[in-house]
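Asker: One structure coming up, written as structure tokens, with questions to follow.
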Amino acid sequence: MSKTKLLLVAVLFAVGSLPVLAQDGFDAAVEQGVTPMNQLGQEDLAGGTGESWPALSQSQFLRDTTLNAQLRSFYFNRDKSNGVRNEAWALGGSVLFKSGYVADRFAIGAVAYTSQPLYAPHGDGGTGILQADQDGYSVLGQLYLEAKLADHLVVDIGRKGYNTPYLNMHDVRMTPNTFEGVSVLGSSDPGSATQWRYGAGFISKIKDWTSQNFEWMSRAAGASVDRGVAVAGANVKRQDFSLGAVEYYSNDIINIGYGEATWRLPIAPGHALQLAGQYSDQRSTGSDLLKGYAFSTHQTGVRAELEAGAALLALAYTNTANGADMQSPWSGYPGYTSAQVQNFNQAGESAIMLRAGYDFSRHGLAGLSAYVLGVHGSGAASGSEDEGDLNLQWTPPSGPMRGTAFRLRYAHVDRHGGNPDTNDLRLIFNYDFPRP
């Protein structure tokens, strides 16, 4: 590793932090990196949950400024039955700066990311944790100005992280997606009985996992023209019921509409049933430049989750229309049967998923959780497919290991239409500065 790369990694140890690249726990029956509608909004970096600088002056700008970081190491190994392998081990992370407000109105923020190779066999690229040629990278992924229009209402301009169902950070490698554009985001008073979250914006460009540059949203989708995406959505939550919808429109490219409802029903102490439904509609727009022809399709999904003490059981079903494969060029796919490798969203495909998770904390293994799942998809032109996943995660809540997170993820995909089977192994380590 070069001196420059070593310096970039060393910087991550030199500053205090909050968890910039958080991992999801087992107790949400959705795939890692997916954003449900009830989490509509920006990345959770600007909320002041980290440690502020000491009050060196009465200036709010200095008093509320935070400097945070996370160290991350990631091993990725995907092996297909046709002999194709993607393998690498990387070390890196992120450093975040967020100022306090000037005159209670304006703030600035920035996040730098790096990923450097520890083990990167030549010819085995394509892991998504390093560039295609197995080189490392460093990038200023976020740099933005934030203006507070009112309490719970802000405007952000510049390069930023956002989290919505079809446009989000998809943080499942070394570096998340980030975006360039302008947005308005608001919410109701936290004390209100009915909680509203809403937002709108125009997103022109995206920086994907390993890129050092931002490209037009339309080109990331696969078109050879320069177009951005207009986004607007809202979510309302009252007690245990949540309902939300979001619309994405890119001229001449694609229009995506998404809606989701969830309802949690307590049934006994420590037990609850959560029901959820989702609907996605996608169609070409204007000159149909994405595929070169007009298309339209949709997917429906339902999910039931049973919370039983330390256990979580989930059953989900999705069905995709015959018109076209569902698209998800700017995020992870939000379908309820989306798994570690496959999204089960091909034209005409139906899928059913069973998932079981358990938190071992009550057995003296604090911070240890696990889940297993299986998905069967059928009806697509390429044939049926099955995926089985195992996830094991340990996040020590106290003691000398507090602030670390270890995660093992394994998936096996069995394809029955002549396509190669896949084994996918991921080992992830995070360390947050300072420990939460």
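Asker: Looking at Phe344 and the list (1) surrounded by fewer than 23 Cβ atoms within 10 Å (Cβ to Cβ); (2) hydrophobic (A, V, I, L, M, F, W, C); (3) within 20 Å of Thr297 (Cβ to Cβ), which single condition is not satisfied?
Answerer: Every condition holds for Phe344 apart from (1).
Asker: Sticking with this structure for a sec: Pairs please, first residue from segment 237-253 and surrounded by fewer than 17 Cβ atoms within 10 Å (Cβ to Cβ) and outside any strand (DSSP E or B), second anywhere and of a type in the set (S, T, N, Q) and modelled with pLDDT of 95 or more, Cβ atoms under 8 Å, 6+ apart in sequence or on different chains.
Answerer: Between residues of segment 237-253 that are surrounded by fewer than 17 Cβ atoms within 10 Å (Cβ to Cβ) and outside any strand (DSSP E or B) and residues that are of a type in the set (S, T, N, Q) and modelled with pLDDT of 95 or more, the close pairs are Asn251/Thr285; Asp252/Ser218; Asp252/Thr285; Asp252/Ser287.
Asker: Here's a follow-up. Return the pairs, sorted by first residue and then second, in which the second residue is loosely packed, with under 15 Cβ neighbours inside 10 Å and of a type in the set (Phe, Trp, Tyr), the first residue lies in segment 388-401 and is under 14 Å from Ser361 (Cβ atoms), the beta carbons are less than 7 Å apart, and the residues are 6+ apart or on different chains.
Answerer: Correct list of pairs: empty, since none qualify.
Asker: Evaluate the following for Arg415: is it closer than 14 Å to Lys80 by Cα and touching a residue at least 24 places away in the same chain (Cβ under 8 Å)?
Answerer: When the stated conditions are applied, Arg415 passes them.
Asker: Can you find, within segment 305-323, the residue that is farthest from Ala351 (Cα to Cα) among those that are crowded, with 21+ Cβ neighbours inside 10 Å and among the hydrophobic types (A, V, I, L, M, F, W, C)?
Answerer: Filtering segment 305-323 for residues that are crowded, with 21+ Cβ neighbours inside 10 Å and among the hydrophobic types (A, V, I, L, M, F, W, C), the one farthest from Ala351 (Cα to Cα) comes out as Leu312.
Let's see how each residue does on (1) crowded, with 18+ Cβ neighbours inside 10 Å; (2) aromatic (Phe, Trp, Tyr); (3) touching a Gly at 6+ places or on another chain (Cβ under 9 Å):
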position	(1), (2), (3)
Val184	no, no, yes
Ser188	no, no, no
Thr194	no, no, no
Phe202	no, yes, yes
Ile206	yes, no, no
Arg219	no, no, no
Ser224	no, no, no
Val231	yes, no, yes
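Asker: If you don't mind, there's one more thing I want to ask. Among the residues of segment 51-66, is there at least one that is in a strand (DSSP E or B), modelled with pLDDT under 50, more than 30 Å from Gly374 (Cα to Cα) and of a type in the set (S, T, N, Q)?
Answerer: yes
For every residue, the table says whether it meets (1) assigned to a strand (DSSP E or B); (2) at pLDDT 95 or above; (3) of a type in the set (Lys, Arg).
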position	(1), (2), (3)
Arg159	yes, yes, yes
Phe202	yes, yes, no
Asn213	no, yes, no
Ala232	yes, yes, no
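Asker: Which residue pairs have Cβ atoms under 6 Å apart, sit 6 or more places apart or on different chains, and have a first residue in segment 170-187 that is farther than 30 Å from Trp89 by Cβ and a second that is part of a strand (DSSP E or B) and among the charged types (D, E, K, R)?
Answerer: Close Cβ pairs satisfying both conditions: Glu180/Arg159; Glu180/Lys205; Ser183/Asp156; Ser187/Arg197.
Asker: Within the bounds of segment 243-253, is there any residue that is among the small types (Gly, Ala, Ser) and out of contact with any Gly (no Cβ under 8 Å at 6 or more places or on another chain)?
Answerer: Initial filter on segment 243-253 (among the small types (Gly, Ala, Ser)): 244-245, 250.
Subset that is out of contact with any Gly (no Cβ under 8 Å at 6 or more places or on another chain): none.
No - not one qualifying residue is present in segment 243-253.
One line per residue, one yes/no per condition, for (1) closer than 30 Å to Ala370 by Cβ; (2) touching a Gly at 6+ places or on another chain (Cβ under 8 Å):
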| residue | (1), (2) |
| --- | --- |
| Gly228 | no, yes |
| Gly270 | yes, yes |
| Leu315 | yes, no |
| Pro329 | no, yes |
| Thr337 | yes, yes |
| Gln340 | yes, no |
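Asker: I need the full set of residues from segment 62-110 which are surrounded by 17 or more Cβ atoms within 10 Å (Cβ to Cβ), under 30 Å from Leu425 (Cα atoms) and of a type in the set (A, V, I, L, M), in order please.
Answerer: Ala69, Leu71, Ala88, Ala90, Leu91, Val95, Leu96
Asker: Any idea which residue in segment 307-323 is modelled with the highest pLDDT, counting only those that are of a type in the set (Gly, Ala, Ser), on the phi < 0 side of the Ramachandran plot and part of a loop (DSSP other than H, G, I, E, B)? I'd like the intermediate steps shown before the answer.
Answerer: Keep residues of segment 307-323 that are of a type in the set (Gly, Ala, Ser), which gives 308-311, 314, 316, 321, 323.
Next, from what is left, pick out any that are on the phi < 0 side of the Ramachandran plot: 308, 310-311, 314, 316, 321, 323.
Retained after the next criterion (residues that are part of a loop (DSSP other than H, G, I, E, B)): 310, 321, 323.
On the way: Ala310: 95, Ala321: 98, Gly323: 93.
For segment 307-323, the residue satisfying everything is Ala321.
Asker: Then there is this: Given (1) part of a loop (DSSP other than H, G, I, E, B); (2) under 30 Å from Arg407 (Cβ atoms), identify the lone condition not met by Arg197.
Answerer: (1)
Asker: Right, next: Within segment 352-401, can you find the residues that are closer than 19 Å to Gln70 by Cβ, surrounded by fewer than 18 Cβ atoms within 10 Å (Cβ to Cβ) and in contact with a strand residue (DSSP E or B) (Cβ under 9 Å, 6 or more places away or on another chain)?
Answerer: Trp394, Pro396, Met401
Asker: Considering only segment 215-255, state which residues are within 30 Å of Gln131 (Cβ to Cβ), under 18 Å from the mean Cα position of the chain (by Cα) and not small (Gly, Ala, Ser).
Answerer: Scanning segment 215-255 gives Met217, Val231, Tyr248.
Asker: Tell me, which residue of segment 257-299 that is in a strand (DSSP E or B) and of a type in the set (D, E, K, R) is farthest from Gln239 (Cα to Cα)? It would help to see each step written out before you state the result.
Answerer: Filtering segment 257-299 for residues in a strand (DSSP E or B) gives 257-268, 271-283, 296-299.
Now narrow it down to the ones that are of a type in the set (D, E, K, R): 260, 264, 281, 283.
Values: Glu260: 16, Arg264: 9, Asp281: 28, Arg283: 34 Å.
So, considering only residues that are in a strand (DSSP E or B) and of a type in the set (D, E, K, R), the one farthest from Gln239 (Cα to Cα) is Arg283.
The values are calculated or read from the model by the stated rules, or taken from the named source; none is laboratory data. All values reported here derive from a predicted model rather than from experimental measurement. Glycine gets a Cβ as well: all are built from the backbone with ideal geometry, and neighbour counts include every protein chain shown.
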